[in-house]
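Quick notes on the structure that follows.
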Amino acid sequence: LSAAAGGYTVPTTLMRQLYDYLEVYSGVRRTNATILTTSSGEVMDLPKALVHGTAAVVGEGTALAEADPTFGKLTLTTYKYGQLLQITRELLEDSAVDIVGYIAKDMGRALARVTNTAYVLGSGTNAPMGVSTAAGTGVGPTTGTNAAVVTFDNLIDLVYSVNEEYRASGAEWFMKDATAG
């Protein structure tokens, strides 16, 4: 909805409520994830290191070999999510309950659930690249065990299979409540 077509008439409190509910019902948004916002939904390029430079021990007077880092970029694409809701002015004016508050909560919940699924399982084609799709594989249950049963020792092995810098920078567990239980 453009500003000229009525966007200025949408109350900011409703927008803030909707965003709050989106965070409440989305597991990904409750993590330490960085939320990037563009001004108009354009794609965003993020530079990234593909290969790090390396150092070496060399003898006195020996030339150092070149070992430069190489760089690339990751292009983040935007996706549109929405829900169409029809409501009469009469209901808004005559309802004895906070119908706008209910709608904000209900729409926030619906948007959070659909985006959360994409954030976790998205293929990167018609939805964001999901965490499970893009993430590397850590240490899992050992051979000969039931892969569906995760033990405490498996979790410790998994923690220490993650690069120390990521652990120190706030890496988090990301799993269903049933799995954590």
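The values are calculated or read from the model by the stated rules, or taken from the named source; none is laboratory data. The model shown is predicted, which means the values in this text are computed figures rather than measured ones. Cβ: placed from backbone, ideal geometry, glycine included. Neighbour counts: every protein chain shown. Calculation scope for accessible area: heavy atoms of the full protein, side chains included, ligands and nucleic acids excluded. Shrake-Rupley method; radii C 1.70, N 1.55, O 1.52, S 1.80 Å.
Just a yes or no: is a residue in region 145-161 among the β-branched types (Val, Ile, Thr), modelled with pLDDT of 85 or more and open to solvent by 80 Å² or more (accessible area, probe 1.4 Å)?
No, there is no match, as no residue in region 145-161 is among the β-branched types (Val, Ile, Thr), modelled with pLDDT of 85 or more and open to solvent by 80 Å² or more (accessible area, probe 1.4 Å).
Contact map, region 49-63: first residue under 24 Å from residue 75 (Cβ atoms), second residue part of a strand (DSSP E or B) and open to solvent by less than 70 Å² (accessible area, probe 1.4 Å), Cβ cut-off under 6 Å, separation 6 or more or different chains; pairs are 50/70; 50/72; 51/70. Among the numbered conditions (1) at pLDDT 90 or above; (2) hydrophobic (A, V, I, L, M, F, W, C); (3) not in a loop (DSSP other than H, G, I, E, B), the only one that residue 84 does not meet is (3). Among the conditions (1) farther than 16 Å from residue 25 by Cα; (2) in a loop (DSSP other than H, G, I, E, B), residue 74 misses just one, which is (2). Taking the criterion of being of a type outside the set (Ser, Thr, Tyr) and either within 30 Å of residue 106 (Cβ to Cβ) or loosely packed, with under 10 Cβ neighbours inside 10 Å (or both), the residues of region 53-72 that qualify are 55, 56, 57, 59, 60, 61, 63, 64, 65, 66, 68.
In the set (1) more than 30 Å from residue 74 (Cα to Cα); (2) open to solvent by 30 Å² or more (accessible area, probe 1.4 Å), the condition left unmet by residue 123 is number (1).
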